[in-house]
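Novice: One structure is given below, represented as structure tokens, and several questions about it will come after.
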Amino acid sequence: MAPQSFDMIVIGAGPGGYVAAIRGAQLGLKVAIVEREHMGGICLNWGCIPTKAMLRSSEVFHLMHRAKEFGLKADGIGYDLDAVVKRSRNVAKQLSGGVAHLMKKNKVTVVMGEATLPAKGRVSVKTDKGAQELEARHIVLATGARARELPGLEADGDLVWTYKHALVPPRMPKKLLVIGSGAIGIEFASFYNTLGCDTTVVEVMERILPVEDAEISAFAKKSFTKQGMKIMEKAMVKQLDRGKGTVTAHIEMGGKVEKHAFDTVISAVGIVGNTEGLGLEELGVKVDRTHVITDEYCRTGVEGLYAIGDIAGAPWLAHKASHEGVMVAELIAGGHPHPVKPESIAGCTYCHPQVASVGLTEAKAKEKGHEIKVGRFPFIGNGKAIALGEPEGMIKTVFDAKTGELLGAHMIGAEVTELIQGYVVGRQLETTEEDLMNTVFPHPTLSEMMHESVLDAYGRVIHI
């Protein structure tokens, strides 16, 4: 049987793949998308979205305990873990269904099954009904990534969990060890710690949230410690001894190995690209440490084959994948899109307090040879933050002293994941400190701190 013909085939229906498919269809291309598990991929089903739903529950729980501060009464405060998880799964289900609807609406052919690339321009899909053959001049790899498993620290779903187990926990941990303090590790640590679990975080680098600005990391560590979390930096879990209902972790810190007992361990030590079993090597695709090597337009070097999102390397963020998906679809349709610049992509971590950043840290800016001006503004100086009962946090901005270019912005505190976009837009429009200073920010809002931080960099801050 002759293969079904398309202009563009997308492999993987996560936030990179499904967005690429929609944009391709909008541009008049005949598009097929292949997905082996869930529409919406990890992000919608087992990542960004369900974790935010769970973190929202813990945030409300935290606020209920503070009711008295706000002149309110809340007695007998408790939680039902199963109900928290059920809400989170329902949110994911609703959005996954939404993606399926969008595929239909945009007339994208959906093929559920496991894809391989037997030859250039060909995709073979193993479905429930047998193999289905597809062909297209343009194929987009959007197969994503999975949790990295370290030898000896592998998940078993009972004592040792990956992010997936942590989203549908078989029980509430009493004493939890989180290995890794990137966004995933810290978000789960924050969720379980807020619900009253005794939580320890181990980070191999010299500070938690290692990709963030050093000042933000230090502020976060102080906040988490105040909330009862134990933070171990420059530390490494050497082995896990699994017993009945207990895990003994051998943690090396400062040359000494200490043993600590836990009932649950969450491993969040990075991700591995889903590059195996596709037939990439045979096609001549270059793969380096589980990630496909591409140029700035996500082209793999094999004609007509592109790779976007997590499989194409850092930053491993859904919004980066989506943007690359749009760019590749426009390229295929004959357009001239701008390449995605990693440094203009914001990172957001939804722990309590939230963390968000874009561009260069202070250290990176200096390293790159910039002469810099740095501004800071604390939440305690902002009327809206105090009215919200959220006086802990700060906003930091880094400028090039010669040109006034905004090199980076770093925030910690309430709702900063929503605020960061102001600076992202500013950087996209190549704003200078002068533009930002001349912008009138509405009062009373948290966004005023963004203004004050810029003013502070130039010795003009008003409210501190």
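Novice: Applying the selection to segment 290-318, what residues are of a type outside the set (Asp, Glu), surrounded by fewer than 19 Cβ atoms within 10 Å (Cβ to Cβ) and farther than 12 Å from His138 by Cβ?
Specialist: Answer for segment 290-318, where residues must be of a type outside the set (Asp, Glu), surrounded by fewer than 19 Cβ atoms within 10 Å (Cβ to Cβ) and farther than 12 Å from His138 by Cβ: Thr290, Ile293, Tyr297, Gly301, Ala314, Pro315.
Novice: Please state which one of Glu282, Glu330 is loosely packed, with under 13 Cβ neighbours inside 10 Å and more than 26 Å from Leu176 (Cβ to Cβ).
Specialist: Glu282
Novice: Determine, yes or no, whether Lys244 is farther than 30 Å from Pro118 by Cβ, assigned to a loop (DSSP other than H, G, I, E, B) and open to solvent by 60 Å² or more (accessible area, probe 1.4 Å).
Specialist: The answer is yes for Lys244.
Novice: Please go through segment 18-69 and give me each residue that is open to solvent by 50 Å² or more (accessible area, probe 1.4 Å), among the aliphatic types (A, V, I, L, M) and in contact (Cβ under 8 Å) with a residue 60 or more places away in the chain, ordered by number.
Specialist: Leu27, Ile42, listed by residue number.
Novice: Next question. Would you check if Leu72 is touching an Asp or Glu at 6+ places or on another chain (Cβ under 9 Å), more than 19 Å from Cys197 (Cβ to Cβ) and assigned to a loop (DSSP other than H, G, I, E, B)?
Specialist: Here the answer is no, as Leu72 does not meet what is asked.
Novice: If you take just the helices (runs of 4 or more DSSP H) that sit entirely in segment 345-464, which of them hold at least 1 residues that are over 29 Å from Thr194 (Cα atoms), more than 24 Å from the chain's Cα centre (by Cα) and modelled with pLDDT of 95 or more?
Specialist: Filter on segment 345-464 gives 362-367, 433-437, 448-457.
Novice: Of the conditions (1) of a type in the set (A, V, I, L, M); (2) farther than 30 Å from Val125 by Cα; (3) out of contact with any Leu (no Cβ under 8 Å at 6 or more places or on another chain), Ala249 fails just one. Which one is it?
Specialist: In the conditions (1) of a type in the set (A, V, I, L, M); (2) farther than 30 Å from Val125 by Cα; (3) out of contact with any Leu (no Cβ under 8 Å at 6 or more places or on another chain), Ala249 misses (3) alone.
Novice: In addition: Return the total of residues in segment 426-458 being under 16 Å from Ile412 (Cα atoms) and of a type in the set (Asp, Glu).
Specialist: So the count comes out to 2.
Novice: What are the residues in segment 214-227 that are among the small types (Gly, Ala, Ser), open to solvent by 40 Å² or more (accessible area, probe 1.4 Å) and free of Cβ contacts under 8 Å to residues at least 60 places away in the same chain, if any?
Specialist: Of everything in segment 214-227, just one residue is among the small types (Gly, Ala, Ser), open to solvent by 40 Å² or more (accessible area, probe 1.4 Å) and free of Cβ contacts under 8 Å to residues at least 60 places away in the same chain, namely Ala218.
Novice: Based on what the data block shows, is Asp82 surrounded by fewer than 17 Cβ atoms within 10 Å (Cβ to Cβ), acidic (Asp, Glu), over 23 Å from the mean Cα position of the chain (by Cα) and in a loop (DSSP other than H, G, I, E, B)?
Specialist: no
Novice: Starting from segment 310-338, keep only residues that are closer than 19 Å to Gly24 by Cα and part of a loop (DSSP other than H, G, I, E, B), then list their pairs with residues that are small (Gly, Ala, Ser) and open to solvent by less than 50 Å² (accessible area, probe 1.4 Å) whose Cβ atoms are within a distance under 9 Å, requiring at least 6 positions of separation or different chains.
Specialist: Ala333/Gly24; Gly335/Ala329; Pro337/Ala329
Novice: Residue by residue through segment 228-241, note down the ones that are out of contact with any Gly (no Cβ under 6 Å at 6 or more places or on another chain), in a strand (DSSP E or B) and either of a type in the set (D, E, K, R) or open to solvent by 10 Å² or more (accessible area, probe 1.4 Å) (or both).
Specialist: Result: Lys230, Ile231, Met232, Met236, Val237, Lys238, Leu240, Asp241.
The values are calculated or read from the model by the stated rules, or taken from the named source; none is laboratory data. Since the model is a prediction, treat every value here as computed from it, not as a measurement. Please note: Cβ atoms are built from the backbone with ideal geometry, for glycine as well, and neighbour counts cover all protein chains shown. The protein model used for the area step is the full one, side chains on, heavy atoms only, and it has no ligands, DNA or RNA in it. Shrake-Rupley method; radii C 1.70, N 1.55, O 1.52, S 1.80 Å.
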